[in-house]
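One structure coming up, written as structure tokens, with questions to follow.
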Amino acid sequence: MTRLSLLLSSAAFALASTATAQSVDPNLPDYQPVSGVSGNLVSIGSDTLNNLMTLWSEGFRSFYPNVAIQIQGAGSGTAPPALVEGTAQFGPMSRPMRGTEIEEFEARYGYEPTPIRGAIDALGVFVHRDNPVECLSLQEVDAIFSSTRSGGADAAITTWGQVGLEGEWADRPIAMYGRNSASGTYGYFREVALFGGDYSPEVREQPGSSTVIQGVAADVNGIGYSGIGYATADVKAISLRGPDGECFDATAEDASSGNYPIARFLYIYMNVDPNAQLEPLRAEFVRYVYSRQGQEDVVRAGFFPLVRAIADQDLEAFGLSATN
């Protein structure tokens, strides 16, 4: 089994091992800088990870002011070609690479790209802050956002009354906001929340996570999906109903337990030659991500931090240890 498949096949173990509160594992080491680290780095990929990549970059540069880091976030789909073409050293993605993307990379370099799992994200389903809806099932979410209703609903849900709202809300039409097809969030939501089905043509596609939130915040009838770290006071993340009917929130505890159904890893893919040692610039950035400071950045970005066991597992894939 390859390094990539080993990492991805351990997803269930890692989710179960994630911290069950939004606090940093005290076993993670403080980052200790080394001498001689300088140069330029480019990150091209996920919009969801823009804020987190910025925080990681700022934290890293506080130790290495001679390092310059450029961040572009147009969507996860832009990461694989940037890595293939060599225009980026980091490819943040909010979904795992597809088989065709891995094959294209391997055809160019003779080995697979290597991912690290930097954080956990619960994908939030957001409504306007004044909307009284509190909880939906995935089948209801599917019937709202999809044209295929692969989750089993008998009919499309087009008004708020169809999910139990009454009075002035009963006849209000539902306005859907989502991401465009370049987004890993678009693909992940389609796979899990739409049961692999197709989006409704009525979904208003947005270029970024923040614009989904802005759309819902400005539309009292709106509903949209985005990384939980992009929540604002103008929207609320509703609970999602599990198989037994209980509602679960987009929290670290419910995401790590598997009760909240649309939680995911956030990845950074890299071009790492398995027969060569990783150069100090990228090696130290990876170590920073898995340090106490790097995982505190995860919390500041609104995502959920990882535990030491996951850090050690991913660092081993790069031939690194948590300490210098």
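Indicate, rounded to the nearest 5 percent, the antiparallel portion of the DSSP beta bridges found entirely in the chain.
Looking only at bridges with both residues in the chain, the antiparallel portion is about 60 percent.
Could you tally the net charge around S210, taking each other residue with its Cβ under 13 Å from the Cβ of S210, Lys/Arg +1 and Asp/Glu -1?
-1
If you count only protein heavy atoms with a 1.4 Å probe, what accessible area per residue comes out for the chain, rounded to a whole Å²? Please report the intermediate quantities before stating the final value.
On the way: 13060 Å² over 324 residues.
Accessible surface, normalised per residue, equals 40 Å².
Just want to confirm a number: the relative contact order over the chain, from Cα pairs under 8 angstrom separated by 6+ residues, in percent.
Taking the mean separation of contacting Cα pairs over the length of the chain, I get 29 percent.
Would you mind calculating the gained length between R61 and A107 on full extension (0.36 nm times residue separation, minus the Cα-Cα distance), in nm to one decimal?
Working it through step by step, the gained length comes to 13.2 nm.
Report, in deg cm²/dmol and to the nearest 500, the calculated mean residue ellipticity at 222 nm for the chain, where each DSSP H run with n ≥ 4 adds -39500 (n - 2.57) and the sum is divided by the residue count.
Theoretical 222 nm ellipticity from helices: -9500 deg cm²/dmol.
Grab the other residues whose beta carbon is less than 14 angstrom from that of Q89, score K and R as +1, D and E as -1, and report the net.
On the way: positive: R282; negative: E85, D273, E279, E284.
Net local charge, Q89 excluded: -3.
If you average the alpha carbon positions of the range 224-273 and of the range 70-148, how far apart do those two centres end up, in angstrom?
Each part reduced to its Cα centre gives a spacing of 13 Å.
How many percent of the accessible area of the range 123-267 is carbon or sulfur, using a 1.4 Å probe?
43
In the neighborhood of D47, defined by Cβ-to-Cβ distances under 15 Å, what is the net charge if each Lys or Arg adds +1 and each Asp or Glu adds -1?
Working: positive: R95, R179, R264; negative: D121, E205.
That sum, taken over residues with Cβ under 15 Å, equals +1.
Hey, in the GNM for the chain with a 10 angstrom Cα cutoff, which one of R108, R179, R204 fluctuates hardest?
In this elastic network of the chain, the residue with the biggest mean-square fluctuation among R108, R179, R204 is R108.
The values are calculated or read from the model by the stated rules, or taken from the named source; none is laboratory data. Worth saying up front: this structure is predicted, and the values here are computed from it rather than measured. Methodologically, a virtual Cβ is constructed for each residue, glycine included, from the backbone with ideal geometry; neighbour enumeration extends over all protein chains shown. Just so you know, the surface numbers come from the protein's heavy atoms only, side chains and all, with ligands and any DNA or RNA stripped out. Shrake-Rupley method; radii C 1.70, N 1.55, O 1.52, S 1.80 Å.
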